[in-house]
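Data first, discussion second: the structure below is written as structure tokens.
The values are calculated or read from the model by the stated rules, or taken from the named source; none is laboratory data. Owing to the predicted nature of the structure, the values given are computational and were not obtained by experimental measurement. Using ideal geometry, Cβ is built from the backbone for each residue, glycine included, and neighbour counts are taken over all protein chains shown.
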Amino acid sequence: MKRKILFQLFALGLFLTFGACQIPSSEAEELEENLSGGQWLAYSELQCNSNPWGYCNTNPDTKVCVKKYVQDQGYTVLEVTMIPAPNDLITCAACQCPTGRVFKVRVNEADVAKLEAVGFKKQ
């Protein structure tokens, strides 16, 4: 009797563990679309608003300005992310020094060379 109860508890535990880890098909398809296609480029933000997109008045969400800048140049933006500066970062305050934040932009393959010309780097 103990074995039967233990087996049932074990089976229930396995079912709950693996049943809860499934990604719904619509989310899985969206994730696959996000991972395929396009090329990621990164830009290390500079001090003094000396970035190609200039001063951004939507701070703290500068991603909006980065996306708008890239789109205004005629490129298709698939996705924009921002990696915050590390807490222990030491940097200078000169305009050519990085702030520590890195903006990542996923664009079509055809736009990569043009964006590399303004300082974006392949990831």
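Determine whether the range 54-65 contains at least one residue that is under 14 Å from ASP111 (Cα atoms) and either touching a helix residue (DSSP H, G or I) at 6+ places or on another chain (Cβ under 8 Å) or assigned to a loop (DSSP other than H, G, I, E, B) (or both). No - not one qualifying residue is present in the range 54-65. Quick check on THR99: is it in the same structural domain as LEU115 (by TED's automatic domain parsing), assigned to a loop (DSSP other than H, G, I, E, B) and among the hydroxyl-bearing types (Ser, Thr, Tyr)? For THR99, the condition - in the same structural domain as LEU115 (by TED's automatic domain parsing), assigned to a loop (DSSP other than H, G, I, E, B) and among the hydroxyl-bearing types (Ser, Thr, Tyr) - is not met. Determine whether VAL70 is part of a helix (DSSP H, G or I) and modelled with pLDDT of 90 or more. For VAL70, the condition - part of a helix (DSSP H, G or I) and modelled with pLDDT of 90 or more - is met. The test for being modelled with pLDDT under 60, among the charged types (D, E, K, R) and under 15 Å from the mean Cα position of the chain (by Cα) does not hold for GLU29.
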